[in-house]
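Each remark here refers to the structure printed beneath this line.
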Amino acid sequence: MPTTTLRIELCGRLADACGREVELDLPDSGLPVAALMTALGDAYPALGEALGRGRIRACVNEAIVPVATVVRASDQVALFPPVSGG
């Protein structure tokens, strides 16, 4: 299956674990966000626990998207954890 490398921006504590950007080989047909997060957790074990909790949000092409959204290699993708403050 042909693949393309996708660059994914990590925000907040995700960046603390692996840096501000990681790469993942993505099938040319794309992957749903949920599968993308699973693949990232497998490729970058330091992210596995945070991604497995289901609270990380994906922003694709500057819009927050549901986990069923298919990500393609041409998309801009950022992942960010929930934020709290006061």
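Selection of the stretch 10-58 for residues being closer than 16 Å to Gln76 by Cα, surrounded by fewer than 16 Cβ atoms within 10 Å (Cβ to Cβ) and either modelled with pLDDT under 90 or of a type in the set (D, E, K, R) (or both) yields Arg20, Glu21, Glu23, Asp25, Asp28. Residues that are in a strand (DSSP E or B), in contact with a Phe, Trp or Tyr (Cβ under 8 Å, 6 or more places away or on another chain) and either of a type in the set (Val, Ile, Thr) or over 13 Å from Glu9 (Cα atoms) (or both) within the stretch 42-80 are absent altogether.
Scanning the stretch 59-84 for residues that are at pLDDT 90 or above, under 15 Å from Asp16 (Cα atoms) and open to solvent by 20 Å² or more (accessible area, probe 1.4 Å) gives a single hit, Phe80. Against the condition out of contact with any Asp or Glu (no Cβ under 8 Å at 6 or more places or on another chain) and outside any loop (DSSP other than H, G, I, E, B), how does Glu9 come out, does it pass? So Glu9 fails the test.
The values are calculated or read from the model by the stated rules, or taken from the named source; none is laboratory data. Quantities reported herein were computed from a predicted structural model and do not represent experimental measurements. FYI the Cβ positions are ideal-geometry reconstructions off the backbone, even for glycines, and counts take in every protein chain you see. Only protein heavy atoms, including side chains, enter the accessible area calculation; ligands, DNA and RNA are left aside. Shrake-Rupley method; radii C 1.70, N 1.55, O 1.52, S 1.80 Å.
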